[in-house]
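Read through the structure below, which is laid out as structure tokens, and then see the notes.
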Amino acid sequence: MDAESFRDELKDEGLDTEKINPVEEMEEEAAEPLAGVDADVPDTDWEVIAQDRYDQLVRLQADFENFRRRMDRERDEIKAYVVGSLLSDLLPVYDNLERALKFMPSDGDAKSWRVGLEMTLNGFNEALSRLGVEAIVTEGQMFDPRYHEAVQRVASDLPEGMIVEELLKGFRWKERVLRASMVKVSEGPEPQ
């Protein structure tokens, strides 16, 4: 049934279709205050609510940024610990290569072996350098307990506290001492 035929039926029943307009009736009902709603209730202050939500958002962003920084720092600390531990485990291998080279003869058939061992040790040194590992300098240095471990005090012509001999090379990585240098330290000249 279409709208025209519906109006025709209403006219047949004696109703005036000109006075019936459902849209106008709905608009009139919407304009009237709702029954049961208190007209004295103040309107919500949306600016205060918006400012409160904005403050919450800013705090949340700051908390997340702090969390991200803390996670980055912890990740770097764990990485440094693992790399430092791995490098410390490799240092005895380096020491053994140096000892083998020190006591290997350099003549006859052993010469080619010595060249191969020197190349291996140089490759090891280059790999350590790329990783940022540095040997701790001891020659001509004063004893520093942060970098050196004194295993013996000896009388010498050098001033007291000066390193006389390095027994085992020390290494550091990113300002962290992987292994302190084992050294002999001078007691100073003997009294005459």
* Asked: Are any of the residues in the stretch 108-117 touching a Lys or Arg at 6+ places or on another chain (Cβ under 9 Å), outside any helix (DSSP H, G or I) and either charged (D, E, K, R) or touching a residue at least 24 places away in the same chain (Cβ under 8 Å) (or both)?
  -> no
* To do: Check MET71 against each of (1) surrounded by 10 or more Cβ atoms within 10 Å (Cβ to Cβ); (2) modelled with pLDDT under 90 and name the one condition it does not meet.
  => (2)
* To do: Determine whether the stretch 143-165 contains at least one residue that is within 19 Å of LEU97 (Cα to Cα) and over 28 Å from the mean Cα position of the chain (by Cα).
  => no
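Matching residues to (1) over 30 Å from TRP173 (Cβ atoms); (2) of a type in the set (Ser, Thr, Tyr); (3) modelled with pLDDT of 90 or more:
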{"site": "ALA35", "(1), (2), (3)": "yes, no, no"}
{"site": "PRO42", "(1), (2), (3)": "yes, no, no"}
{"site": "LEU57", "(1), (2), (3)": "yes, no, yes"}
{"site": "PHE67", "(1), (2), (3)": "no, no, yes"}
{"site": "ALA80", "(1), (2), (3)": "no, no, no"}
* Which residue pairs have Cβ atoms closer than 7 Å, lie 6 or more positions apart in sequence or on different chains, and pair a first residue in the stretch 136-150 that is under 16 Å from GLY188 (Cα atoms) with a second residue that is modelled with pLDDT of 90 or more and in a loop (DSSP other than H, G, I, E, B)? -> ALA150/PHE143
* To do: State which residue pairs qualify: first residue closer than 14 Å to LEU128 by Cβ and assigned by TED's automatic domain parsing to the domain that holds GLU139 and inside the stretch 162-180, second residue modelled with pLDDT of 90 or more and hydroxyl-bearing (Ser, Thr, Tyr) in any location, beta carbons under 7 Å apart, and separation of 6 or more residues or different chains.
  => LYS169/SER181; GLY170/TYR147; GLY170/SER181
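The values are calculated or read from the model by the stated rules, or taken from the named source; none is laboratory data. Model, not experiment: these values are computed from the prediction. Reconstructed Cβ throughout: ideal geometry from the backbone, glycine too, with neighbour counts over all protein chains shown.
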